[in-house]
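In what follows, a structure is listed as structure tokens, so that the remarks can point back to it.
Bear in mind that the values in this text are calculations on the coordinates, not laboratory data. Nothing here was measured: the structure is a model prediction, and the numbers come from that model. For neighbour counting, all protein chains shown are included, and Cβ atoms are generated from backbone atoms with ideal geometry for every residue, glycine included.
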Amino acid sequence: MKNSKIVGVGHYLPERIVTNQDLEKMMDTSDEWIRERTGIRERHWITEGDTIASMSHQAALKALERAGMEAGDIEFIVFATMMSDQIFPGGGCFLQQKLGLPGVPAMDVRNACSGFLYALATADKFIKTGTYKNALVVGAEIQSTSLDLTTRGRDIAVLFADGAGAAVLTATDDPTDGILTTHIHADGNYTDKLRVEQPVVYHNPRLHPGIFEGDAIYPKMEGRYVFKHAVTKFPEVINEALEATGYTTDDIDLLIPHQANLRITEAVGQRVGLPPEKVFSNIQTTGNTTAASIPIAMSEAIEQGRLKKGDLLCLAAFGAGFTWASALVRF
Ligand code: COA
């Protein structure tokens, strides 16, 4: 059995920066409330020309460059996003076309904030079994166009943002190197706690005036409920990865959790017993970019010298579904 190793990570954030002060002009909120409750100061939203395909393309090119590889080396693409640029085909196919890789399989994963780790686990298994040597794992998301930018939608509108991140995986024969373990979970009993209700695909036509009555076309979240589950499931799935490999919290050099809320990240760090310097946060400047948040954070952690070769890296996520996941990686 092979292991798969992350050899290049890249990200792309749209140029447009939306500050909390900008949001104050759109809805009844305040910089103070947003910072205190979420840690977020600003986030990136797309402008004309940014698409899921274009952002993921930029992130993938950066990841390939850092891996010292070319697009032609990639044999498998796993693409995590909640929505493709169009309802179909999937985002992976649009990226594959941009990379010029006809014939290379492109798989889409729709597991919200846990999507990148589901995608990573999938690519890892294909490499482990010897099916492919090099894979590209992507998380890309446009959330800003889904938001209710009035006071009615403020609890969610201040959180979510856009961006893309990508990681290049390659096979290694060293069983102590690369991705050591991955763990993925879901519980569909909680589908109603964080979701977008409309449009539904079983209504013909899917788009009809009725869906615009009320606020069913916007994301809905029971914030406190989600918060409580997140701070329980993150530590659970991190411990699962530690138990599977025989490592302890003390061995972890850096924890990069999905960036949902700074208070969640801090609570998770405390619950697993990691000091703040071993827990990475960039939500202050990115907001919650759902499937893109972990690869963007990895890429920024590398740029800041916080994540180095040889580090024991723990990745963890929690999101809609509910879904939750972790990975332990010798970086
Ligand atoms: N600006 C100002 N006030 C706001 C606001 C905003 N953007 N959003 C909500 N409020 C108000 C509420 O209306 C409420 O007012 P009330 O007390 O008069 O009713 C008050 O702030 C408290 O709301 P509450 O929802 O209890 O706040 P909270 O401390 O739970 O924080 C979240 C809200 C959404 C930040 C928090 O619950 C959260 O982060 N949840 C998990 C999010 C998450 O992880 N989601 C994605 C999973 S990947």
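Which lysines have a Cα less than 18 Å from the Cα of K228, not counting those fewer than 8 places away in the same chain?
By straight Cα distance, K228 reaches K193, K220.
Which whole-Hz ³J(HN,Hα) couplings does segment 96-101 yield from phi under the Karplus relation 6.51 cos²θ - 1.76 cosθ + 1.60, θ = phi - 60°, glycine and proline marked x?
Result, rounded to whole Hz: 4, 5, 5, 7, x, 10.
For segment 3-176, what is the largest minus smallest coordinate of the Cα atoms on each principal axis, given in angstrom and ordered from greatest to least?
Result for segment 3-176: principal-axis Cα extents of 54, 34, 25 Å.
Please give the Cα centre distance for segment 177-245 versus segment 253-331, rounded to the nearest Å.
Here the answer is 18 Å between Cα centres.
Which FRET efficiency, nearest 0.05, do E303 and Y202 yield, Cβ-Cβ r, R0 56 Å?
E between E303 and Y202, to the nearest 0.05, is 0.80.
Setting aside same-chain residues fewer than 8 positions from K309, which lysines have a Cα under 29 Å from its Cα?
K2, K5, K62, K125, K128, K133, K233, K278
Filter the trypsin sites (Lys or Arg not before Pro) in segment 299-331 to those in DSSP coil with at most 10 other Cβ atoms within 10 Å of their Cβ, and list the result.
Filter output for segment 299-331: K309.
Note the angle between two axes, namely the Cα long axis of helix 293-303 and the longest principal axis of the Cα atoms of the chain, as a number of degrees from 0 to 90, rounded to the nearest 10.
Rounded to the nearest ten degrees, it is 60.
If we restrict to alpha carbons, what Rg and Dmax does segment 209-331 come to, in Å?
Gyration radius and largest Cα-Cα distance of segment 209-331: 15.8, 56 Å.
Between E70 and T129, 0.36 nm times their residue separation minus their Cα-Cα distance comes to what?
So the extension gain works out to 18.9 nm.
Within 10 Å of each candidate Cβ there may be at most 16 other Cβ atoms; applying that plus a DSSP loop requirement, which GluC sites (Glu not before Pro) in segment 44-92 survive?
Those that pass, being in a loop and sparsely packed, are E48, E70.
Tally Lys/Arg at +1 and Asp/Glu at -1 over every other residue whose Cβ is under 12 Å from the Cβ of T29; what's the total?
-2
If you count the DSSP beta bridges with both ends in the chain, what percent of them are antiparallel, to the nearest 5?
Percentage antiparallel, nearest 5: 70.
Mean projection of the alpha-carbon convex hull of segment 104-251 over all orientations, in nm²?
Averaged projected area of segment 104-251's Cα convex hull equals 12.1 nm².
In terms of the ratio Rg/(2.2 N^0.38 Å) built on C-alpha atoms, what value belongs to the chain?
0.95
For segment 179-218, would you read off the P(r) tail past 13 Å as a percentage of all alpha carbon pairs?
Cα-Cα pairs of segment 179-218 separated by over 13 Å account for 65 percent.
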